[in-house]
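Below you'll find the structure, written out as structure tokens, and then a few comments.
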Amino acid sequence: MNASPPAPIRNPWSVVLSCFLGLLFCISPFFQYSSGVILAPMAREFGWSHGQFAMAPALASLTVALLAPFVGWWIDRRGARIVALTGSIAMPLAIMSFGLIPADFRIFILVAVLVGIFGAATLPSVYLYSLPKFFDRRLGLAISLGVIGLGVGQIVMPQLSAAVVGSYGWRGAWIVMGGIILLAGVANAALLVPRRNAAPVSAGAEAAPLDGMLFGEVLRTPGYWMLALAFFLIAMVTNGTAVHLVGVLETRGLSPQQTVIALSAIGIGSITARLASGVLIDWFGVRFPAILFLGGQALGCVLLGLNFGSATAILGVMLIGGGLGAESDIMPYVLRRKFGMRAFGRVNSFSFSALAMGSTIGPTAVGFSADWTGGYSTVLLGFAVAAVVAIALICLLAPPHLRTRGPRPDTASPMAVHPANN
């Protein structure tokens, strides 16, 4: 049987829009970064500790980490659309079920695992998969514009969640927020996410060939595992602080209104870093934005850990968001340039396993540290050290051609530099 002809994409920027919307309503902005607004009153009503309620996003992240390699294989085999559509239906239904559970910790854990299982199909790697097919010279810019959806979600979701909790209580909030994510996610997956055989047809489109290393070759490369460690550390720092920001900021003397503003500040920092880092990567390579934004993340942990006051606490949250934004640009860009497109779906998804593992360990470490020590300072200062280690690893492993100052030519292969063709 002959293969079906490519499905034409006349405007490649519609692929960027699908990425933006997909990441706005994926598992990360709401469940990993904003669910604390709903989990906090839920835990108080049920009489659960910091460590217990932190297990929901932690276990969901662990489940995502375990399933991410399978999701990558699924994307490479069937394309991003069917994966995104499945996750956009199943994950919100699991989120909505939180509003129906009794005060039974076992059921709470079961639902959290279900959110992780279905949320794996909404990973950023699902929506980022198609971008390198349509962009090469402007890949950094395309990624940065697409992943802004995460930052917008981190601004909007806490505010919206707080408003819904105030109007409907925590049970109603789970159902309302799940319903919003369901409707928006399904519409995006069905209408905008490209099919597996989609191809650019406009004159301005930039198609990248399926070059690079096989998946097994990537896994046998020591540099890949060092990069994965860097991504793990960044996610541990960002998610560990994000899930517990309500508790951290309360101990710093912020009012509930200031706390909600601070929760949105992580999204502001993330958007700023994503916009800036994409341009900076295209011009200077990954070292400079890694030092700038991940160094800011380390400083943010210090500001929160040493408690200099409410204003510096909000600044610290924004700096931590900046680290998150830069990481979202750096990871897929480096993986594409260093290892190519041949197994990009699996490599990118496998790398998100490292992010998910960091997202699992970070919140759990902060929660139990707060229970044991009665505060957050020790773990936050430890996170600052972890961020510095991540900077060193990324700078060490940046592909050589990404270090060139000024705008660089396109690369048809991650291992060589070729003249620009557009």
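Throughout, read-outs are computed from the coordinates displayed, never taken from laboratory work. Model, not experiment: these values are computed from the prediction. Cβ placement follows ideal geometry from the backbone for every residue including glycine, while neighbour counts extend to all protein chains displayed.
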With the crude spin-label approximation of a point 7 Å out along Cα→Cβ, what separation in nm comes out for V113 versus T312?
4.4 nm
Compute the helix-to-body angle for 256-284: its Cα long axis versus the longest principal axis of the chain, expressed 0 to 90° and rounded to tens.
20 degrees
Relative contact order (%) - criterion: Cα under 8 Å, at least six apart; region: the chain:
27 percent
Which residue fluctuates most in the GNM of the chain (Cα springs below 10 Å): F20, F215, F134?
F215
Provide, for q = 0.21 Å⁻¹, the log10 of I(q)/I(0) from a solvent-free Debye sum over equal Cα point scatterers in region 326-368.
-0.69
How fast does the chain diffuse by Stokes-Einstein, in µm²/s, taking the Kirkwood radius from C-alpha pairs at 20 °C and 1.002 mPa s?
101 µm²/s
Tell me the relative contact order for region 241-326 as a rounded percent, counting alpha carbon contacts under 8 Å between residues six or more apart.
42 percent
Of S270, S255, S130, which is the most mobile in a GNM of the chain whose springs link Cα atoms less than 10 angstrom apart?
S255
Among 332-339, 387-394, 362-369, how do they line up by average Cβ neighbours within 10 Å per residue, starting with the highest?
332-339, 362-369, 387-394
Residue-averaged 222 nm ellipticity for the chain, from DSSP H runs of 4+ at -39500 (n - 2.57), nearest 500
-24000 deg cm²/dmol
How do I109, I82, I75 rank when sorted from fewest to most other Cβ atoms within 10 Å of their own Cβ?
I109, I82, I75
Share of alpha-carbon pairs per 5 Å distance bin for region 297-380, given as whole %:
3, 13, 16, 19, 17, 12, 9, 7, 4, 1
Give, as a single signed number, the net charge of other residues whose beta carbon lies under 14 Å from the beta carbon of L304, with Lys and Arg counted +1 and Asp and Glu -1.
0
Report the Cα-based extents of region 88-188 along its three principal axes, largest first, to the nearest Å.
53, 27, 22
